[in-house]
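Take a look at the structure below.
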Amino acid sequence: MYEGAVQDLIDELGRLPGVGPKSAQRIAFFLLQADLVDATRLAEAITRVKQTVRFCSRCFNIAEAEQCRVCRDPRRDDTVLCVVEEARDVVAIERTREYRGRYHVLGGAISPIDGIGPDELHITELLHRLDREPVEEVIIATNPNVEGEATASFLSRQLDGRAVRVTRLASGLPVGGDLDYADEVTLSRAFVGRQDLRGRGTREVR
Amino acid sequence: MALYREQGIVLRSYKLGETDRIVHLLTQGRGKVRAVAKGVRRPGSRFGGRLEAFSHVDLQLYEGRNLDVIAQAELLAPHAVVREDYARSAAASVMSEVVDAVAQEGERDNALFLLLRAGLQALAAAPADPAVFVDAFLLRVASIVGFHADTDACAVCRRAGPHGFLSVKAGGSLCPGCAPPGTRMVDLEVLEAVRTLAAAGEWAVLPRLARERPLAHATAASYTRAFVEHHLDRRLRSYDVVPRG
């Protein structure tokens, strides 16, 4: 146990995800020895992020204004909507520079075992957006794991009967991977989603 | 570190660090095993999609101090159709949740393993409404761990039935002499539904029960949930997510 302020700092750092008591102690002593300017900059960054960052009123992405950067951009394609689990998935897709449509962040995925059902996600807001906006295609970009698949299946049911094209991100072999290490599920999906080389990216082989 | 080989069914998994997962498995020979799958969240992982929930896998593991480490995994049955359908995935989640709760580490329980495997196989082959499989699974798990819902005789005095009083606390039907005031009285059709759900081995008849006797099934389902939550002393978090009707 340390005196007052040092122990308080260790306790607060220890509440962060992935930071145990020893790590918390190490970070606290690093900050104690750091310049006041550096420590103040860190403190201000934490305060600023809590004071200014909120969720976009339209897509639930992280935003510093009423709407996020993507929703404010008039050059984005309003007819395509990509549905993702978390705001960090938006960043991952933006890094590809392949996608120019809009996003909708669900705020998680359906996980019955954790008690997270459809009502805990921004699904109703998604349906309201489809009523209001000129969306022609919904791309479901949830993770290809059990929670993401359950969410995709649920969304697909919800969008049944609407005049929108519903697509799911392809899943299959990773670039740079070996075929003989691929598991049966991944490999069979790669076969189902195989593409015609002559019209790559535009035609599916059936 | 000792190396061992086991067949197991993945119950659930948690993220660990940057790329790992802690996987809960029900194995055939060692009961519940908690093991680390290193690098499984990396896109090029050698495990790929083999350790997704509900997969039946053949594993090679190292014994660890707290958690074992998965060295190799081969798919025996992926149950991918269960994962890819919302209703079936939710139903399988209830099965996994209850097995995760009752299975003990280091205690072989072949009956529980075979029941889970059969339950997942039934879901994989099931029509659109899988809720009835969940109800049957819950009563059968309860029966394996020692809480059989008895509808053939009075649960207290053992007088041969059928008896129309159904009690969660007493563990089945009660005769008029043993039923305390306020005990719920049900139709014989409901008792028959509970008996069908709890009967070991029968999966193929279940969709017909839900289709032809929906009211009796609904009452039996609500009894099942109360029965299992009371006797296992645990609230089933995933139960409400399963679509019904």
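The values are calculated or read from the model by the stated rules, or taken from the named source; none is laboratory data. From a predicted model like this one, the values you see are computed outputs, not experimental measurements. Methodologically, a virtual Cβ is constructed for each residue, glycine included, from the backbone with ideal geometry; neighbour enumeration extends over all protein chains shown. In case anyone asks, the SASA skips ligands and DNA or RNA and just uses the protein heavy atoms, side chains included. Shrake-Rupley method; radii C 1.70, N 1.55, O 1.52, S 1.80 Å.
The set of residues in the stretch A:128-153 being open to solvent by less than 30 Å² (accessible area, probe 1.4 Å) and part of a helix (DSSP H, G or I) consists of A:ARG129, A:LEU130, A:VAL146, A:GLY148, A:GLU149, A:ALA150, A:THR151, A:ALA152, A:SER153.
Out of curiosity, is B:SER93 within 13 Å of another protein chain (Cβ to nearest Cβ) and under 25 Å from B:PRO214 (Cβ atoms)? Here the answer is yes, as B:SER93 does meet what is asked. Report yes if some residue within the stretch B:20-37 is surrounded by fewer than 21 Cβ atoms within 10 Å (Cβ to Cβ), at the interface with chain A (Cβ under 9 Å from one of its Cβ atoms) and over 26 Å from B:ALA124 (Cβ atoms); otherwise report no. No; the residues of the stretch B:20-37 include none that is surrounded by fewer than 21 Cβ atoms within 10 Å (Cβ to Cβ), at the interface with chain A (Cβ under 9 Å from one of its Cβ atoms) and over 26 Å from B:ALA124 (Cβ atoms).
Every residue, every condition in (1) within 14 Å of chain A (Cβ to nearest Cβ); (2) in a loop (DSSP other than H, G, I, E, B); (3) touching an Asp or Glu at 6+ places or on another chain (Cβ under 9 Å); (4) under 29 Å from B:ALA90 (Cα atoms), yes or no:
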| residue | (1), (2), (3), (4) |
| --- | --- |
| B:LEU166 | no, no, no, yes |
| B:GLY177 | no, yes, no, no |
| B:PRO180 | no, yes, no, no |
| B:GLU189 | no, no, no, yes |
| B:PRO207 | no, no, yes, yes |
| B:ARG211 | no, no, yes, yes |
| B:ALA221 | no, no, yes, yes |
| B:PHE227 | no, no, no, yes |
| B:ARG237 | yes, yes, yes, yes |
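A residue that is among the small types (Gly, Ala, Ser) and within 28 Å of A:ARG95 (Cα to Cα) can be found somewhere in the stretch A:58-75.
One residue stands out among those in the stretch B:14-73 that are at pLDDT below 90 and more than 24 Å from A:LEU179 (Cα to Cα): the one that is farthest from the chain's Cα centre (by Cα), which is B:GLU18. Taking each residue of the stretch A:110-128 that is more than 19 Å from B:ALA101 (Cβ to Cβ) and at the interface with chain B (Cβ under 10 Å from one of its Cβ atoms) and looking for partners that are outside any helix (DSSP H, G or I) and open to solvent by 50 Å² or more (accessible area, probe 1.4 Å) with beta-carbon atoms closer than 9 Å, six or more apart or interchain, yields A:ILE110/A:ILE116.
A single entry from A:VAL91, A:VAL49 fulfils the requirement of being among the aliphatic types (A, V, I, L, M), in a helix (DSSP H, G or I), out of contact with any Asp or Glu (no Cβ under 8 Å at 6 or more places or on another chain) and over 30 Å from A:ARG165 (Cα atoms): A:VAL49.
Output yes when any residue across the stretch A:23-30 is out of contact with any strand residue (DSSP E or B) (no Cβ under 6 Å at 6 or more places or on another chain), open to solvent by 90 Å² or more (accessible area, probe 1.4 Å) and within 30 Å of A:PRO144 (Cα to Cα), and no when none is. For the stretch A:23-30, residues out of contact with any strand residue (DSSP E or B) (no Cβ under 6 Å at 6 or more places or on another chain), open to solvent by 90 Å² or more (accessible area, probe 1.4 Å) and within 30 Å of A:PRO144 (Cα to Cα): absent. For the condition open to solvent by 40 Å² or more (accessible area, probe 1.4 Å) and over 13 Å from the mean Cα position of the chain (by Cα), what is the one hit in A:ARG102, A:ARG75? None of the others qualify; the one that does is A:ARG75.
Within the stretch B:192-229, being over 27 Å from B:PHE113 (Cα atoms) and not acidic (Asp, Glu) holds for B:ARG211, B:ARG213, B:PRO214, B:LEU215, B:ALA216, B:ALA218, B:THR219. Is at least one residue of the stretch B:1-10 under 16 Å from B:PHE54 (Cβ atoms), of a type outside the set (S, T, N, Q) and at pLDDT below 95? No - not one qualifying residue is present in the stretch B:1-10. Has the stretch B:148-155 got at least one residue that is part of a helix (DSSP H, G or I) and either farther than 30 Å from B:LEU26 by Cα or not acidic (Asp, Glu) (or both)? Scanning the stretch B:148-155, I find no residue that is part of a helix (DSSP H, G or I) and either farther than 30 Å from B:LEU26 by Cα or not acidic (Asp, Glu) (or both), so the answer is no.
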